[in-house]
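First up is the structure itself, then whatever we jot down about it.
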Amino acid sequence: MKTSLKILLLIASFFIVGCKTTQFTKSVNYLSGDAQTLSLRSSGMGINELSAISNAEKNAVEAILFRGIPNSQQKEPLVSVSEKEAKQIYKKYFDEFFAGERYKTFIYSSVPVSSSQFVKGGAGKKTICIDVKVNLKALRQDLERSGVIRKFGL
């Protein structure tokens with residue numbers, strides 16, 4: 001009887017240690033790039049691994065659009081006005097772009113670099129880190145065609 005209790009406690013302790021939780025911090029970091037593409041490491045959170053990956057891709061594109069990527073050729077954001085203002089002025093475009101998931105058409109590849117982990121205090125949500133490669137040239141051209149940004153040099 002005592003050995004079965006010890007085994008049960010041992011199994012429970014492995015389970016508790018195995019259920020690792022993390023604090024979630026949204027981050028996007030530069031990996032490499034050229035005039036055509038930008039490779040970034042991005043984190044995302046979602047109700048499952050697939051939604052966390054989508055969120056990480058969205059975070060990477062939002063960083064390029066509204067914040068710029070330090071230490072890259074895209075230091076300045078593509079959109080020159082604030083994120084809030086741009087999403088109000090060009091509401092139709094950004095609703096389709098993000099809610100309609102058009103941003104995914106500008107992503108060459110998206111590769112998880114860590115396994116998904118439960119978020120501490122995240123009500124069962126998971127976080128993941130991915131390497132994402134974005135077609136910067138096509139994204140810029142789409143913004144120009146839609147009138148969100150002006151062509152370079154104009």
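Listed here are the residues, each with its yes/no results for (1) part of a helix (DSSP H, G or I); (2) at pLDDT 95 or above.
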| residue | (1), (2) |
| --- | --- |
| PHE15 | yes, no |
| MET45 | no, no |
| ALA60 | yes, yes |
| PHE97 | yes, yes |
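Counting residues in region 85-95 that are modelled with pLDDT of 95 or more, closer than 20 Å to VAL132 by Cβ, within 20 Å of the chain's Cα centre (by Cα) and not hydroxyl-bearing (Ser, Thr, Tyr) gives one or more.
Selection within region 100-117: residues that are surrounded by 14 or more Cβ atoms within 10 Å (Cβ to Cβ), touching a Lys or Arg at 6+ places or on another chain (Cβ under 8 Å) and not hydroxyl-bearing (Ser, Thr, Tyr). The member of this set that is modelled with the lowest pLDDT is GLN117. Restricting region 118-136 to residues that are in a strand (DSSP E or B) and modelled with pLDDT under 85 leaves a set whose member that is surrounded by the most Cβ atoms within 10 Å (Cβ to Cβ) is VAL119.
The values are calculated or read from the model by the stated rules, or taken from the named source; none is laboratory data. Since the structure is predicted, the reported quantities are computational estimates derived from the model, not experimental observations. Glycine gets a Cβ as well: all are built from the backbone with ideal geometry, and neighbour counts include every protein chain shown.
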